[in-house]
Amino acid sequence: MPIPGLDIPFRKHVLDNGLQVVIHEDRSCPIVAVNVWYHVGSKNEVPGRTGFAHLFEHLMFEGSAHHDSGYFEPLQQAGGTLNGSTNPDRTNYWEVVPANALELALWMESDRMGYLLPALTEQKFNNQRDVVLNERRQNYENRPYGMAGLAMVEALFPEGHPYHWATIGSPDDLRAATADDVRAFFRRYYHPANASLAIAGDVDADRALELAAAYFGAIPAGEAPAAVPPAPAAARPSRRVIEDRVELPRLYLGWLSPPMYAGGDAELDLLADVLASGKASRLYRSLVYERRMATDVSAYQGSRELGSVFQIAATAVPGVGLGVLESAIHEEVARVRAAEVSADELARTLALTETAFVSRLQTVGGFGGKSDQLNNYNVFLGDPGYFSRDIARYRNADRAGVRAAAEAHLDAACCVTLSAVPAGRLDLAAPDSDLAVLT
């Protein structure tokens with residue numbers, strides 16, 4: 001049931017080439033957000049050819065046929081900000097510009113959608129591949145606990161599953177890739193029939209639609225790629241350990257959970273807050289404050305299109321092994337599976353969730369702004385106007401539903417356990433852990 005006052009007014013139109021255009025008028029500030037989502041992420045890759053979607057996040061800023069130079073300078077000179085990101089399910093690019101620079105943003109987005117490949121030289125490809133390889137070294141290989149996320153997805157999802165590899169891709173795959181490989185990937189996924197354009201802010205909807213048609217309408221549609229089929233992963237409990245250049249050991253527990261927007265997704269999102277959001281949460285109060293066995297603890301429902309991951313992580317204090325932390329966390333999860341959370345706990349986490357929802361309405365652009373959220377709902381649900389129904393999933397969740405979701409998905413027997421320990425201190429790992437071999 002829609003909730004009055006929480007929907008984002010919009011108009012949606014599909015151009016003849018298949019580009020979906022969503023327009024939202026917000027005259028409160030003289031700025032406009034241009035936001036493009038391509039329904040492609042690392043899950044659309046195949047083993048041996050990973051990292052391509054993230055690589056294009058870089059290549060798309062390096063110039064196109066009619067602007068064969070960096071994309072940041074002209075938009076920043078016009079007073080705008082811009083960025084992009086990639087995850088397993090989608091790639092997005094956005095600009096927030098003064099209202100009088102809307103056409104500049106549309107022209108530049110349309111040129112890289114329609115005319116990127118003529119400007120994609122071997123030199124650009126090699127340079128940006130090196131940038132991505134260096135990014136992997138900085139953010140994963142040389143970052144404390146950085147390889148843990150890669151180890152978790154490899155343990156949670158079997159080889160060949162679309163979520164088995166990290167979005168940044170395998171170094172061996174990137175080094176083996178050719179410019180022709182990535183050009184073929186671009187032709188398959190980066191075209192109007194696989195894209196959604198949101199324009200939000202100080203615009204007239206009719207004029208915005210005219211501009212969208214003028215700048216994007218002539219781009220060939222491309223063939224809509226086949227959807228990645230559902231690939232449910234069976235529970236594969238495993239116990240792994242990695243050695244890292246860290247001072248304190250950290251424990252990661254992960255479970256497979258329902259896809260985004262599916263039944264149980266919202267309930268587990270709420271449960272993550274009950275367990276580890278803030279000093280009043282169960283795990284923080286127990287592990288950090290009362291028993292003083294952890295320096296920090298976190299939990300989240302990592303929602304994805306084909307299937308999600310519920311994860312809990314905790315860093316042990318000096319002298320505490322991860323087996324002790326593991327037992328304490330499983331004890332608390334078992335309590336949630338055996339008895340309902342309290343009414344106060346549910347009310348607190350619902351307040352946090354609603355605050356986050358409303359905060360998204362405060363800006364028209366950027367990551368998580370209204371234009372981004374309109375594209376999220378449009379790409380994954382086919383309905384940009386899902387905002388109030390989305391928050392209703394949380395408002396309609398009750399204590400029994402949270403317990404049922406925990407009981408269904410957070411069985412200790414189905415848990416993946418990963419220990420990240422200081423080099424040479426395998427004795428601190430959770431018991432019976434095997435050394436992980438990362439690809």
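The values are calculated or read from the model by the stated rules, or taken from the named source; none is laboratory data. Source: prediction; values computed, not measured. Positions of Cβ are backbone-derived with ideal geometry, glycine not excepted, and every protein chain shown enters the neighbour counts. Keep in mind that these areas ignore ligands, DNA and RNA; they rest on the heavy atoms of the full protein, side chains included. Shrake-Rupley method; radii C 1.70, N 1.55, O 1.52, S 1.80 Å.
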Q.
Straight-line reach only, C-alpha to C-alpha below 16 angstrom: list the aspartates and glutamates that Lys12 could link to, leaving out same-chain residues fewer than 8 apart.
A. Glu25, Asp26, Asp204, Asp206, Glu210, Asp372, Asp383
Q) Using helices alone, what [θ] at 222 nm do you get for the chain, with -39,500 (n - 2.57) per DSSP H run of 4 or more residues, divided over all residues and rounded to the nearest 500? A) -11000 deg cm²/dmol
Q. Taking only Cα atoms, what is the 0 to 90° angle, nearest 10, from helix 370-381's long axis to the longest principal axis of the chain?
A. 80
Q | Mean accessible surface per residue for region 238-282, computed with a 1.4 Å probe while every protein chain stays in place, in Å² | A | 34
Q: Binning at 10 Å from 0, report for region 134-244 what percent of all alpha-carbon pair distances ends up in each bin.
A: 10, 25, 27, 22, 13, 2
**Q.** Apportionment of accessible area to carbon and sulfur, the chain, percent (1.4 Å)
**A.** 51
Q | Long-range tail of P(r) for region 238-435 (Cα pairs > 26 Å, %) | A | 38
Q) For region 302-439, what is the accessible area per residue in Å² when the probe is 1.4 Å? A) 40
Q | Along each principal axis, Cα extent of region 11-216, largest first, Å | A | 49, 35, 35
Q) Which residues does a label at His13 reach in region 88-131, if reach means a backbone N under 19 Å from a point 7 Å past the Cα toward the Cβ? A) 102-111
Q) Under the Kirkwood approximation for Rh and a Cα-based Rg, what ratio Rg/Rh is obtained for region 2-83? A) 1.04
Q: Quick one: net charge around His58, please, counting Lys, Arg +1 and Asp, Glu -1 for every other residue with C-beta under 11 Å from its C-beta.
A: -2
Q | Where Asp372, Asp434 fall by accessible area, highest first, once all protein chains stay in place (1.4 Å) | A | Asp434, Asp372
**Q.** Per-peptide average of other Cβ atoms within 10 Å, ordering 99-105, 29-35 highest first
**A.** 29-35, 99-105
Q) Projected onto the charge dipole of the chain (+1 at Lys/Arg Cβ, -1 at Asp/Glu Cβ, origin at the Cα centre), which of Val32, Ser388, Leu156 gives the Cα projection farthest towards the positive end? A) Leu156
Q. What is the helix-to-structure angle for 399-409, meaning the angle in degrees between its Cα long axis and the longest Cα principal axis of the chain, kept from 0 to 90 and rounded to the nearest 10?
A. 90
Q | Correct choice for Cα extents along the principal axes in Å that was computed from the model, options [x] 161, 50, 37; [y] 62, 53, 38; [z] 64, 64, 44 | A | [y]
